[in-house]
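The values are calculated or read from the model by the stated rules, or taken from the named source; none is laboratory data. What you are looking at is a predicted structure, and each value in this text was computed from that prediction instead of being measured. Positions of Cβ are generated from backbone atoms using ideal geometry, with glycine treated the same way; all protein chains shown enter the neighbour counts. In case anyone asks, the SASA skips ligands and DNA or RNA and just uses the protein heavy atoms, side chains included. Shrake-Rupley method; radii C 1.70, N 1.55, O 1.52, S 1.80 Å.
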Amino acid sequence: MRIACFDARRYDREFLLRAAQQRPDDEWIFFENRLSSDTAEQARGFDVVCVFVHDRVDKPTLERLAQLGVRLVALRCAGFNNVDLVTAQHLGIRVVRVPAYSPYAVAEHAAGMVLSLNRRFHRAYHRVRDGNFALDGLLGFDLHGKTVGVVGTGRIGEVFCRIMTGLGGIILAHDLHENPNVTAMGGTYVGIEQLFQSADIISLHCPLLPSTRHLINDQTLASMKQGVMIINTSRGALVDTLAVIRGLKSGKIGYLGLDVYEEEDSLFFEDRSEEVLQDDVFARLLTFPNVLVTAHQAFFTQQALEQIAATTLASLDAFAQSQPLRYEILPS
Ligand code: NAD
């Protein structure tokens, strides 16, 4: 098979080609640009397109891919909000994803953000290098005994609950389906309103859906504790960015950790250090001393990249042999 891999970085190439040794007859071509209706032409002559979170697999793109004879879209990620599944099914293009690669990678990153924001590692690092050994402004709090609200207790949320439990946090969880492992570790399921009202720290681990878009907004922020810590490693649009800026200015939000951002498509995964930042909202976020932003790196561990490559290759193998696709996504 011929596979066109879009939005491909050096590390994608390295891990995918290592896993692809098991299918030596396949041909992989890597494109650094993203897939969209404008770039779909690059998939001419390919059976499969392999894409990531920012490739735009919408109706016009899928229609062009179908015309070009592409039969499979293989996502190298879990989230699939960038794919028009209804159109794909209508056109007979199958879609697979990597539902789970390393829940530890994302949960550990979220936990790292909690610890960094609390103990201000991001500020202490620069201060000490600058010869400033004063402690003013670095006062933290014991995580032990704090109430940690976890929204979404699937694979990642469960691991995050376990880490926070290990640090002595009291877990309040909210999900459409209770996870018995979370209850077994002492977590308590509550309604979203109670979680927002009671939590000292809130971490988002639910998918982006129409029902979860702007879950953190002016109204929900108003119900939270003064000085609440909010962590989002899930999807940017779970948070209304303008509302959290207002919350930061008023002091309602005491700490904000973001690995994802609503408008990250035009920013993340590129070196833009020589460019003038055009996104004024993002620029404002970066001015707050109590905000820590990482550029969608929570998934980025060796184990996760190995697993992403292995699962993608397993899907390609099954597709080539016309076997059932275990990780196929269909419209709900
Ligand atoms: P998962 O499917 O295992 O768990 C998601 C959980 O959210 C499920 O238990 C589901 O029932 C729950 N949920 C759905 N709607 C909800 C709602 N309205 N309120 C509360 N809970 C709800 O997924 P996962 O593997 O744990 O991943 C969680 C999210 O993390 C993904 O959706 C993805 O967006 C994000 N993610 C981010 C990165 C990163 O690098 N930053 C990497 C991987 C995944």
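Before moving on, here are some points about what is shown:
- Output for the stretch 10-58, where each listed residue is open to solvent by 40 Å² or more (accessible area, probe 1.4 Å) and more than 22 Å from Gly69 (Cβ to Cβ): Arg10, Tyr11, Arg13, Glu14, Leu17, Arg18, Gln21, Gln22, Pro24, Glu32
- Test: residue in the stretch 212-234 that is at pLDDT 95 or above, acidic (Asp, Glu) and closer than 15 Å to Ala110 by Cβ: no
- Within the span defined as the stretch 253-268, one or more residues are over 27 Å from Arg10 (Cα atoms), without any contact (Cβ under 8 Å) to a residue 40 or more places away in the chain, open to solvent by 10 Å² or more (accessible area, probe 1.4 Å) and assigned by TED's automatic domain parsing to the domain that holds Cys161.
- With respect to the conditions (1) over 23 Å from the mean Cα position of the chain (by Cα); (2) free of Cβ contacts under 8 Å to residues at least 24 places away in the same chain; (3) not in a helix (DSSP H, G or I), Leu325 lacks only one, and its number is (2).
- Verdict on Val281 being assigned by TED's automatic domain parsing to the domain that holds Asn118 and either part of a helix (DSSP H, G or I) or surrounded by 15 or more Cβ atoms within 10 Å (Cβ to Cβ) (or both): yes
- Residues in the stretch 218-246 that are over 19 Å from the mean Cα position of the chain (by Cα) and more than 19 Å from Tyr189 (Cβ to Cβ): Asp218, Gln219, Leu221, Ala222, Lys225, Gln226, Gly227, Val228, Leu242, Ala243, Ile245, Arg246.
- If the condition is being in a helix (DSSP H, G or I) and within 18 Å of the chain's Cα centre (by Cα), then the stretch 300-310 contributes Gln302, Gln303, Ala304, Leu305, Glu306, Gln307, Ile308, Ala309.
- Filtering the stretch 258-303 to residues that are more than 14 Å from the ligand (Cβ to nearest atom) and among the small types (Gly, Ala, Ser) leaves Ser266, Ser273, Ala283.
- Residue list for the stretch 100-119, filter: of a type outside the set (Gly, Ala, Ser), free of Cβ contacts under 8 Å to residues at least 60 places away in the same chain and under 15 Å from Met229 (Cα atoms): Leu115, Arg119
- First in the stretch 77-97 and without any contact (Cβ under 8 Å) to a residue 40 or more places away in the chain and more than 20 Å from Ser234 (Cβ to Cβ), second anywhere and open to solvent by 10 Å² or more (accessible area, probe 1.4 Å) and part of a helix (DSSP H, G or I), Cβ under 7 Å, 6 or more apart: Asp84/Lys59; Thr87/Lys59; Leu91/Glu63; Leu91/Ala66; Ile93/Ala66
- Cys77 falls short on exactly one of the conditions (1) open to solvent by 10 Å² or more (accessible area, probe 1.4 Å); (2) modelled with pLDDT under 95, and that condition is (1).
- Entirely in the stretch 143-236, the helices (runs of 4 or more DSSP H) that have 2 or more residues that are aromatic (Phe, Trp, Tyr) and within 11 Å of the ligand (Cβ to nearest atom): none
- Any hit, the stretch 288-309, residues being open to solvent by 40 Å² or more (accessible area, probe 1.4 Å) and farther than 26 Å from Ala100 by Cβ: yes
- Pairs with Cβ under 9 Å, 6+ apart, first in the stretch 155-176 and not assigned by TED's automatic domain parsing to the domain that holds Thr188, second in a helix (DSSP H, G or I): none
- Taken together, Arg34, Arg97, Arg23 contain a single residue that is farther than 30 Å from Val228 by Cβ and within 13 Å of the ligand (Cβ to nearest atom), which is Arg97.
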